[in-house]
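Everything below concerns the one structure shown next.
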Amino acid sequence: FEKKGKMGYINKTLIKDEKVVSYFSIHKFHYIIPLITSFMIIGLPLLFRYLFTEYGLTNNRVITKTGIISRSTEEMKLSKIETVEIKQGILGRILGYGNVIVSGTGSSNVVISKVSNPIEVKKKIDSQLG
């Protein structure tokens, strides 16, 4: 389910001199239930939501995008980031997934949900903060 190089929204919104540093993906574990229930049609919306989710880090911003027809995006400039936190439950610790919460000035947050290897995601974001 690795989508390197195929993150359409993120690539379309790059500004001059902005480069993608990394793409992040939803952990494979979270595809199991929607795949199983998609045979009963119930899980299809969740499966499509996961398949059309993009997480990325550029040398200027942290970006999340969800949605197929309607679109929801969250972006935060690196210069506005105050903290980068990881939230993991027991299953997330065992299987290697979690949420990375990027908090910025004011009350804004960007949440990278159910991401694989959240510690690496945090390190990559921190490395861009300089």
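The values are calculated or read from the model by the stated rules, or taken from the named source; none is laboratory data. None of these values were measured; they are calculated from a predicted model. A quick note on method: Cβ atoms are made from the backbone with ideal geometry, for glycine too, and the neighbour counts reach across all protein chains shown. With ligands, DNA and RNA removed, areas are computed over all heavy atoms of the protein, side chains included. Shrake-Rupley method; radii C 1.70, N 1.55, O 1.52, S 1.80 Å.
Could you list, in sequence order, all residues of segment 104-113 that are open to solvent by less than 70 Å² (accessible area, probe 1.4 Å), within 14 Å of the chain's Cα centre (by Cα) and not hydrophobic (A, V, I, L, M, F, W, C)? Result: 113, single match.
Would you point out the residue of segment 79-103, among those that are in contact with a Gly (Cβ under 8 Å, 6 or more places away or on another chain) and within 15 Å of residue 61 (Cα to Cα), that is surrounded by the fewest Cβ atoms within 10 Å (Cβ to Cβ)? Filtering first and then ranking leaves 82. For segment 1-26, how many residues are assigned to a loop (DSSP other than H, G, I, E, B), open to solvent by less than 30 Å² (accessible area, probe 1.4 Å) and either modelled with pLDDT under 85 or not charged (D, E, K, R) (or both)? So the count comes out to 2. Taking segment 95-108 as the range and being farther than 16 Å from residue 30 by Cα, free of Cβ contacts under 8 Å to residues at least 24 places away in the same chain and either of a type in the set (Val, Ile, Thr) or touching a strand residue (DSSP E or B) at 6+ places or on another chain (Cβ under 8 Å) (or both) as the test, the residues that pass are 101, 103.
Figure legend. Inter-residue proximity from segment 54-79: first residues outside any strand (DSSP E or B), second residues aliphatic (A, V, I, L, M) and open to solvent by less than 60 Å² (accessible area, probe 1.4 Å), beta-carbon distance below 9 Å, spacing 6+ or different chains. Indicated pairs: 59/20; 59/78; 60/14; 60/78; 78/57; 78/62; 78/125. When residue 50 is tested against the conditions (1) more than 11 Å from the chain's Cα centre (by Cα); (2) at pLDDT below 90, the lone failure is (1). Evaluating residue 122 against the criteria (1) crowded, with 17+ Cβ neighbours inside 10 Å; (2) assigned to a strand (DSSP E or B) leaves one unmet condition, (2).
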